[in-house]
Amino acid sequence: MKMILSILCLAMIVSSVGTVYASDSNGQSVYTKNCAACHNSGVMGAPKVGDKDAWTPLIAKGVDVLANNAIEGQGKMPPKGGNMQLSDDEVKAAVEYMVEQGK
Ligand code: HEC
């Protein structure tokens with residue numbers, strides 16, 4: 001029984017990863033793949049997504065400034081979160097998603 005459950009869990013994880021990879025222009029999926037590793041937990045001082053106190057002063061800078069900082073890198077964050085394959089628009093879409101969560 002335990003075995004069947006873990007196989008089921010694995011199948012679910014694999015299929016959800018599959019959907020994330022399917023659509024790339026979507027801010028949420030770009031975020032999940034490239035930014036969540038740091039911004040979900042706030043490692044190295046990354047502003048945690050959904051943490052309004054962290055995001056209010058950032059949002060005040062304006063989405064364009066934030067997107068630019070994310071594209072060029074800032075502090076301990078590498079440019080484009082370390083994935084140079086991303087287009088500027090994809091990074092911007094992810095930033096817009098993050099800003100939405102922090103409002
Ligand atoms: C390796 C960990 C890491 C990854 C991956 C990462 N970030 Fe960050 N991010 C950080 C850290 C750390 C900071 C805080 C930088 C500072 O102010 O010193 C930060 C700050 C930011 C900020 C605030 C910039 C500002 O103007 O203060 C934005 C926006 C941002 N990240 C967006 C993104 C996006 C979009 C991605 C994915 C494409 C991403 N990050 C991936 C670690 C990461």
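Throughout, read-outs are computed from the coordinates displayed, never taken from laboratory work. From a predicted model like this one, the values you see are computed outputs, not experimental measurements. Heads up, the Cβs are rebuilt from the backbone with ideal geometry, glycines too, and the neighbour counts pull from every protein chain shown.
Only lysines eight or more places from K103 in sequence, or on another chain, were considered; those with a Cα closer than 19 Å are K48, K52, K61, K92. The three principal axes of the C-alpha atoms in segment 24-101 carry coordinate ranges of 31, 23, 20 Å, sorted with the longest axis first. Extending 7 Å from the Cα toward the beta-carbon at both N68 and E96 defines two label points whose distance is 1.8 nm.
Phi angles across segment 27-37 convert, under the Karplus curve 6.51 cos²θ - 1.76 cosθ + 1.60 with θ = phi - 60°, into 3J(HN,Hα) values of x, 5, 6, 4, 4, 4, 7, 10, 10, 4, 3 Hz, Gly and Pro given as x. Estimated at 0.36 nm per residue, the fully extended path between I59 and N40 surpasses their Cα-Cα distance by 5.1 nm.
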